């Protein structure tokens with residue numbers, strides 16, 4: 001059995017009014033944070049900077065890690081570890097972004113309350129932890145999820 005784990009990174013960026021930048025990916029039904037999947041040998045900070053450059057055409061400074069989440073299976077059947085950081089973008093106005101790779105169709109800033117309604121339920125959980133709207137999970141910044149059922153022992 002091969003170990004099929006992925007690491008995804010996402011960045012929370014605020015405008016001067018405390019609103020969160022969301023992106024509308026062409027390949028998803030819901031809005032999302034800018035970011036993506038790390039490439040082989042790539043560290044989370046470097047990967048998030050690369051993803052933001054590819055998606056928005058701007059550089060960023062990656063700040064504090066704000067949430068960690070785990071998924072047992074993504075759309076390709078791989079385990080995924082999801083890291084969410086605060087980021088400061090080199091541009092703040094949606095007009096300053098350049099959708100370099102074509103994955104993003106639009107960007108907009110939204111209040112945290114509105115943003116929570118526009119993303120997937122899993123992203124909502126991560127944003128709530130990252131923004132301090134719910135208590136952290138049992139291990140600091142880990143999103144609380146029910147533990148999977150234990151597999152029966154084969155003894």
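The numbers here are math on the coordinates, done by the rules we state, and not lab data. It should be emphasised that the depicted structure is a prediction, and the values quoted were computed from it without experimental measurement. All Cβ positions, even for glycine, are placed from backbone atoms using ideal geometry, and neighbour counts span all protein chains on display.
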- prompt: Mind checking the angle between helix 44-56 and the chain's longest principal axis? C-alpha axes, 0 to 90 degrees, to the nearest 10.
  reply: 50 degrees
- line: Rounded to 0.05, the calculated FRET efficiency for the beta carbons of residue 54 and residue 133 at R₀ = 22 Å is 0.15
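For a Förster distance of 30 Å, can you work out the FRET efficiency between the beta-carbons of residue 92 and residue 72, rounded to the nearest 0.05? Provide the component values of the computation, followed by the final result.
On the way: r = 37 Å, r/R0 = 1.23.
After rounding to 0.05, the efficiency reads 0.25.
For the chain, what is the mean residue ellipticity at 222 nm derived from helices alone (per DSSP H run of n ≥ 4: -39500 (n - 2.57); sum divided by total residues; nearest 500 deg cm²/dmol)?
Result for the chain, helices only: -5500 deg cm²/dmol.
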task: For the chain, calculate the relative contact order in percent as a whole number, restricting contacts to Cα pairs under 8 Å that are 6 or more residues apart.
output: 28 percent
- line: Which of (1) 62, 33, 28; (2) 53, 45, 29; (3) 77, 37, 24 is the computed Cα extents along the principal axes in Å? It is (1)
message: Can you tell me the length gained on complete extension of the stretch residue 64 to residue 120, counting 0.36 nm per residue apart and subtracting the Cα distance?
response: 17.9 nm
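Looking at the square roots a ≥ b ≥ c of the eigenvalues of the Cα gyration tensor of region 1-45, which shape do they give, rounded for a/c under 1.5, prolate if a/b is larger than b/c, or oblate? Each step should come with its number before you reach the end.
Working: a/c = 3.65, a/b = 1.83, b/c = 2.00.
Since a/c reaches 1.5 but b/c is at least a/b, the shape of region 1-45 is classed as oblate.
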task: Just grab the label-to-label distance for residue 40 and residue 26, each label 7 Å out from Cα along the Cβ direction, in nm (one decimal).
output: 2.7 nm
